[in-house]
1. What list of ³J(HN,Hα) couplings, whole Hz, do you get for the range 116-130 from phi and the Karplus terms 6.51, -1.76, 1.60, once you set θ to phi - 60° and write x for glycine and proline?
2. Near the amide H of Leu156, under 5 Å away, which other amide H atoms are found, from residues 5 or more places off or on another chain, if H is placed in the peptide plane?
3. For each of Val78, Val194, count neighbouring Cβ atoms within 10 Å of the residue's Cβ, then give the residues from fewest to most.
4. Under a Cβ-Cβ cut-off of 10 Å, what is the net charge of the residues other than Ala18 that fall near it, where Lys and Arg count +1 and Asp and Glu count -1?
5. Counting each DSSP H run of 4 or more residues in the chain as -39500 (n - 2.57), what helix-only mean residue ellipticity at 222 nm follows after dividing by all residues, to the nearest 500 deg cm²/dmol?
6. Where in the chain are the DSSP H helices whose alpha-carbon span along the long axis reaches 15 Å or more and whose Kyte-Doolittle mean is at least -1.0?
7. What is the distance in Å between the Cα centroid of the range 135-152 and that of the range 62-106?
8. Which of the listed residues, Ser30, Ala91, Ala133, is farthest toward the dipole's positive end in the chain, when Lys, Arg count +1 and Asp, Glu count -1 at the beta-carbon?
Amino acid sequence: MGDSCNIPDALAAALRDARHVCVLTGAGVSAESGVPTFREAQEGLWAKYRAEDLATPEAFLADPALIWRWYRWRRGVVADVEPNPGHYAIAALADLVPRFTLVTQNVDDLHRRAGSRDVVEFHGNLFEDHCFAEGTVHVADDSHDIPTCPQCGANLRPGVVWFGEAIPEQALEKACAAAADCDVFLSVGTSSLVYPAAGLADLAQQNDAVTVEINPNPTMHAERFDFALAGNSATVLPELLELLSP
Ligand code: APR
């Protein structure tokens, strides 16, 4: 079968023969929904802050009200957008391969809203509140400047993984197991700068998976992938889906 758009025949064959496909997504997958990527300049009153300086336990302890204002702004941005064709293609892909694992670095919940199930949320979820003291999970409560834990009274924090914090153990285990077992690994919309997420592609390659990067701006690691598709996820992912659709 000829190349579909710019999908190499060898990649199309690998996808059709795959027993297990693992997809890792980053902020680029949500870019076409209108959600700024993590390293794009922040907007408006947040322009004077770097995301990396706000997404830390130290910043929260120093000024919980400021950090809650930032996360509630981010919740508002995401609540106002919709999943894009890239999210929907990933959700549909899961039903066309024998085994499928989606690992996301995104906290915007757009994969679940697009129909993806069992999403491995590597960096948590923007719409959960966690007790800062006990780690218990609570439904997001935007009615207080600084919500507190109903069990112990400690401040609640956004349910996301901050810089310097460990990846949730179950998410890490599932992601590593999938990367080590899969036949095709798609790294989509991520700058591959932050570990351990960025190391999943290496784990896949060490276990003889075919590895693919999908990004309009090839990353510094592009050469370590078997295929680097320079395109937008909302365009390329539907093309991959079309290849597998009966
Ligand atoms: N389709 C695919 N990729 C895109 C698109 C698009 N339409 N638009 C932008 N990109 C790419 C950019 O080229 C960039 O390489 O998405 C990538 C986004 O990179 P980052 O902003 O660094 O986001 P991400 O890789 O998800 O960051 C990883 O770092 O700071 C932590 O927790 C944070 O989860 C985040 C993690």
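Rule-based calculations on the coordinates, nothing more; no lab input. All figures in this text were calculated on a predicted structure; none of them were measured in a lab. A quick note on method: Cβ atoms are made from the backbone with ideal geometry, for glycine too, and the neighbour counts reach across all protein chains shown.
1. Calculated HN-Hα couplings, in order: 5, 10, 6, 5, 8, 8, 5, 10, x, 9, 4, 9, 10, 9, 10 Hz.
2. Phe132, Thr148, Cys149
3. Ordered by Cβ neighbours within 10 Å, fewest first: Val194, Val78.
4. +1
5. Result for the chain: -9500 deg cm²/dmol, rounded to the nearest 500.
6. Span-like helices here: 64-79, 169-181, 233-244.
7. Taking the Cα centre of the range 62-106 as reference, the centre of the range 135-152 is 21 Å away.
8. Of Ser30, Ala91, Ala133, it is Ala133.
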